[in-house]
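Engineer: Got a structure for you, questions after.
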Amino acid sequence: MYLALIGIAFFLILTLIAIRLAWGKREPAVPNEEELIHKSGIFSVVRQSPRVNVYDYKPKEEEICQYLADTNVDIHGNTLLEADKQRLRKMWNNHLEASIRVVEQGDTKGVDFYYYDFEAEDPICADFVRKGHFVTREEIYKHPRLLPPFHVGCHCRLAGYHGTSEELRDTTKSTISPLFTDGECPPLPDWHTVLKPA
Ligand SMILES: [Zn+2]
């Protein structure tokens, strides 16, 4: 009799353990996106192409076109001819497309850092971004407006950084430094500020 009771109790305990294990499998703990990014540094979700939402943060060609229709001088008072306006529109499209491609290509190689460079003097950007400032892929993911151009006629370009993060953060040995200084996205030029192409 006692043996039978012990047997039943043992069977019940085993059943409870089996139920618990099965339940645990059905509900795996899914950490949220923030936790994953935090734990793994750069997680695949960050690698979504900026093309998906960049126009939520940057003006489209039509908007640039409309704005330039009523703008006849640049920030220095230089007259903008129709040919200049057409060139500025093309520059905007080409440069934004170039920035998107740099990031898309970088993502295929696991690039985590990007830096800014200038193909010509740019007095509008000078107060905000300088050559050698860098941003992380995660910062670009969170703030797509970090993709140049920053304003009409901008000469800023984005490039992938292929060295190690230790080299990048060693500011004593290089001229590169992070654009973000306190974890916040810093102010960037107003896109309406026009710089006439040379
Ligand atoms: Zn600029």
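Only the coordinates and a few stated rules stand behind these numbers; no lab work does. This one's a predicted model, so the numbers in the text were calculated from it and none came from an experiment. A quick note on method: Cβ atoms are made from the backbone with ideal geometry, for glycine too, and the neighbour counts reach across all protein chains shown.
Engineer: (1) away from the ligand (no atom under 16 Å from the Cβ); (2) touching a Pro at 6+ places or on another chain (Cβ under 9 Å); (3) in a helix (DSSP H, G or I); (4) not basic (Lys, Arg): which one isn't true of Glu138, the others all being true?
Structural biologist: Condition not satisfied by Glu138: (2).
Engineer: Out of the residues in region 173-190 that are surrounded by 10 or more Cβ atoms within 10 Å (Cβ to Cβ), farther than 18 Å from Glu119 by Cβ and more than 15 Å from the chain's Cα centre (by Cα), state the one that is nearest to the ligand (Cβ to nearest atom).
Structural biologist: Per the stated criteria, the residue is Asp190.
Engineer: Does Gly106 satisfy the condition of being of a type in the set (Gly, Ala, Ser) and touching a Phe, Trp or Tyr at 6+ places or on another chain (Cβ under 9 Å)?
Structural biologist: yes
Let's see how each residue does on (1) closer than 14 Å to Pro178 by Cβ; (2) in contact with a Lys or Arg (Cβ under 7 Å, 6 or more places away or on another chain); (3) aliphatic (A, V, I, L, M):
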{"residue": "Asn94", "(1), (2), (3)": "no, no, no"}
{"residue": "Phe118", "(1), (2), (3)": "no, yes, no"}
{"residue": "Asp122", "(1), (2), (3)": "no, no, no"}
{"residue": "Cys125", "(1), (2), (3)": "no, no, no"}
{"residue": "Val135", "(1), (2), (3)": "yes, no, yes"}
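Engineer: When you scan region 90-99, do you find a residue that is surrounded by 14 or more Cβ atoms within 10 Å (Cβ to Cβ) and away from the ligand (no atom under 16 Å from the Cβ), even just one?
Structural biologist: no
Engineer: Would you tally the residues in region 94-126 being part of a helix (DSSP H, G or I) and either β-branched (Val, Ile, Thr) or free of Cβ contacts under 8 Å to residues at least 40 places away in the same chain (or both)?
Structural biologist: 8
Engineer: Return the pair list, or none, for Cβ contacts closer than 6 Å from residues in region 45-65 that are over 11 Å from Trp92 (Cβ atoms) to residues that are among the aromatic types (Phe, Trp, Tyr) and surrounded by 12 or more Cβ atoms within 10 Å (Cβ to Cβ), at least 6 apart or on different chains.
Structural biologist: Val46/Tyr141
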